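Beneath this line is the structure, given in structure tokens, with notes to follow.
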Amino acid sequence: MILNVIKNDSGAEIRLDGMIVSDDMKDIYEWFGYQVIAPKDVYSVLDNLDGDSVTIKINSCGGDYFAGAEIYAELKEYKGDVKIIVTGLAASAASVIAMAGKCIMYPTAQLMIHNASSQPCGDYRVMEHEAEVLQKIN
């Protein structure tokens, strides 16, 4: 899916609706019919805006923390003004993206932040490493 982008005289509006996934997993989720957002989608749109102001409208259940962190970093580094509007839900990884600019929330919108979780598989070394990763994400 290509991001829904609306250009106008004052800049652009980008709708982030759907699950946040890594670039590598995007095609797989879309093959199953999921609406997803990947960092490469956001990069390509921002590259074409050339510093114009951008409004990011979020309605997402979240997803991959690292993909959300990558989108957050790209928005923070963007040379134009970034405004965030939570229209419905900014949960989990989407809540990270919501911190990338001045954030406005509609009265009916929700922001959900939680401790990170994962499903590692392996011996005690893998589990100890994963515990450290989760603590850093939290």
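The values are calculated or read from the model by the stated rules, or taken from the named source; none is laboratory data. Please read these numbers as outputs of a predicted model, since none were measured by experiment. All Cβ positions, glycine included, derive from the backbone under ideal geometry; neighbour counts span all protein chains shown. These accessible areas exclude ligands, DNA and RNA; they are computed on the full protein's heavy atoms, side chains included. Shrake-Rupley method; radii C 1.70, N 1.55, O 1.52, S 1.80 Å.
For the chain, the carbon plus sulfur part of the accessible surface works out to 51%, probe radius 1.4 Å.
Charge dipole of the chain (Cα centre as origin; +1 on each Lys and Arg Cβ, -1 on each Asp and Glu Cβ, all else neutral): 480 debye, rounded to the nearest 20. Counted over the chain, the DSSP beta bridges are approximately 20% antiparallel.
Looking at the range 8-48, none of the trypsin sites (Lys or Arg not before Pro) sits in a DSSP loop with at most 10 other Cβ atoms within 10 Å of its own Cβ. Rounded if a/c is under 1.5, else prolate if a/b is larger than b/c, else oblate: which is the range 36-83, with a ≥ b ≥ c the root eigenvalues of its Cα gyration tensor? Since a/c reaches 1.5 and a/b is larger than b/c, the shape of the range 36-83 is classed as prolate.
Under the simplified labelling scheme, the Thr108-Tyr34 pair shows an inter-label distance of 2.7 nm, with each label point 7 Å from Cα along Cα→Cβ.
In the structure displayed, which of Lys26/Lys79; Lys57/Lys136; Lys7/Lys57; Lys57/Lys102 lie more than 23 Å apart, Cα to Cα? In this structure, Lys26/Lys79; Lys57/Lys136 lie more than 23 Å apart at Cα.
Normalised per residue, the accessible area of the range 1-125 is 57 Å², obtained with a 1.4 Å probe and no contribution from ligands, DNA or RNA. Spin-label pair Asp24-Glu77: with each label point 7 Å from Cα along the Cα-Cβ axis, the two points sit 2.0 nm from one another.
The P(r) of the chain has a tail past 20 Å containing 47 percent of all C-alpha pairs.
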